[in-house]
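Notes to accompany the following structure.
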Amino acid sequence: IAGNTASGKTTTLNALFSFVPLDERVILVEETPEISLVHPHQIRLVSNSEMGVSLKDLVRDSLRMRPDRLVVGEVRSKDEVESLFDVLLGGQARGSYATFHAQSAIEALQRFKSFGITEADLQSIDLLVIQRRMLCYDIRKRKNYEVRRIVEIAEPDCASGGARVRPVFFKNASGVLSFNKSCH
């Protein structure tokens, strides 16, 4: 899940986990504990630079715990992005998740590439959900207000060369999230 600051990425991730069966083993690996899941079978691992425990170390250790689902909290640096891709390429049984800062699916892929992720490894991403915090104006009340919206859901399409995406859902010209009928 990618988006700008305070767009609701973590809230969306928490909401998505309400659809995950409660008997699955979930491991959360974070730098700052923010994710709040109600699963009874969860393990939270928090990195601590003062103790020499990095996110990358925790990710490597978590893969040995045979999780059904693994969540790497907000990834920002090259090391954290590499940790996320260690998880994705590790082929966790039922899914791996993370939050990331990017304004679009294309920008997310380009940022991953700038951190040294190869196009072949980008193919390990199944889906990108893009969320934004936007400023709106109410003409009647003459007042600004903020909204948080999912504006894009896309599949990476790196097989054809270059960072491309295939939109699954997207915000159309009238601002409505639309389904791409060619992606079924």
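A few points about this structure:
- Residue count, the range 104-149 (criterion: closer than 19 Å to GLY90 by Cβ, touching a residue at least 12 places away in the same chain (Cβ under 8 Å) and of a type in the set (S, T, N, Q)): 2
- Residues (small (Gly, Ala, Ser) and either in contact with a Leu (Cβ under 7 Å, 6 or more places away or on another chain) or under 21 Å from GLU152 (Cα atoms) (or both)) located in the range 83-140: SER83, GLY90, GLY95, SER96, ALA98, ALA102, SER104, ALA105, ALA108, SER124
- For the range 120-133, a residue qualifies if it is farther than 21 Å from LEU16 by Cβ and in contact with a strand residue (DSSP E or B) (Cβ under 9 Å, 6 or more places away or on another chain), and the qualifying residues are LEU122, GLN123.
- Looking only at the range 37-53, residues that are at pLDDT 90 or above and small (Gly, Ala, Ser) come to 2 in all.
This table checks each residue for (1) touching a Phe, Trp or Tyr at 6+ places or on another chain (Cβ under 7 Å); (2) modelled with pLDDT under 90; (3) not charged (D, E, K, R).
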residue: MET65; (1), (2), (3): no, yes, yes
residue: HIS101; (1), (2), (3): no, no, yes
residue: ILE117; (1), (2), (3): yes, no, yes
residue: GLN123; (1), (2), (3): no, yes, yes
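- Failed item in (1) buried (at least 18 other Cβ atoms within 10 Å of the Cβ); (2) among the small types (Gly, Ala, Ser); (3) more than 24 Å from PHE17 (Cβ to Cβ), with SER114 passing the rest: (1)
- Within the range 11-101, strands (runs of 3 or more DSSP E) holding 3 or more residues that are touching a Pro at 6+ places or on another chain (Cβ under 8 Å), farther than 17 Å from LEU127 by Cβ and open to solvent by less than 60 Å² (accessible area, probe 1.4 Å): none
The values are calculated or read from the model by the stated rules, or taken from the named source; none is laboratory data. Just so it is clear, the model here is predicted, and its values are computed rather than measured. Positions of Cβ are backbone-derived with ideal geometry, glycine not excepted, and every protein chain shown enters the neighbour counts. For the accessible areas, the whole protein counts, side chains as well, though only heavy atoms, and no ligand, DNA or RNA atoms are used. Shrake-Rupley method; radii C 1.70, N 1.55, O 1.52, S 1.80 Å.
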